[in-house]
Amino acid sequence: MSLQDQFIQAQQDSKNLSERPDNMTLLKIYALFKQGSVGDVSGERPGMTDFVNRAKYDAWAALKGTSQEDAQQQYIDLIEELKG
């Protein structure tokens, strides 16, 4: 199975985890997904009062420079670990 196929499968698996991950793990999942599917973060950082989207932006921005393939593999590995 190609990396892209595994990435798509991991996306589907992420919706069926037995337990909801904690917020920090959810941010990591989000950031790895965005980096793996879109690449480096773009756009302006959300304002101080938009806590959720600001946290998402910051988590994604922390991965800047990570290749899409590396991010996809990290995403796959994280979902596999959470499936336990």
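Values in this text are rule-based calculations from the coordinates and carry no lab data. Worth saying up front: this structure is predicted, and the values here are computed from it rather than measured.
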0 to 90° range, to nearest 10: angle between helix 68-83 axis and the chain longest Cα axis:
70
Phi to ³J(HN,Hα) by Karplus 6.51 cos²θ - 1.76 cosθ + 1.60 over the stretch 37-54, Hz, x for Gly, Pro:
9, 10, x, 4, 4, 9, x, 8, 5, x, x, 4, 7, 9, 4, 5, 5, 5
Can you tell me the orientation of helix 3-14 relative to the chain, as the angle in degrees between its alpha-carbon axis and the longest Cα principal axis, to the nearest 10?
80
Need the full-extension length gain, GLU69 to GLN11, defined as separation in residues times 0.36 nm minus the C-alpha distance. One decimal, nm.
19.4 nm
Range of Cα positions in the chain per principal axis (Å), largest first:
40, 28, 15
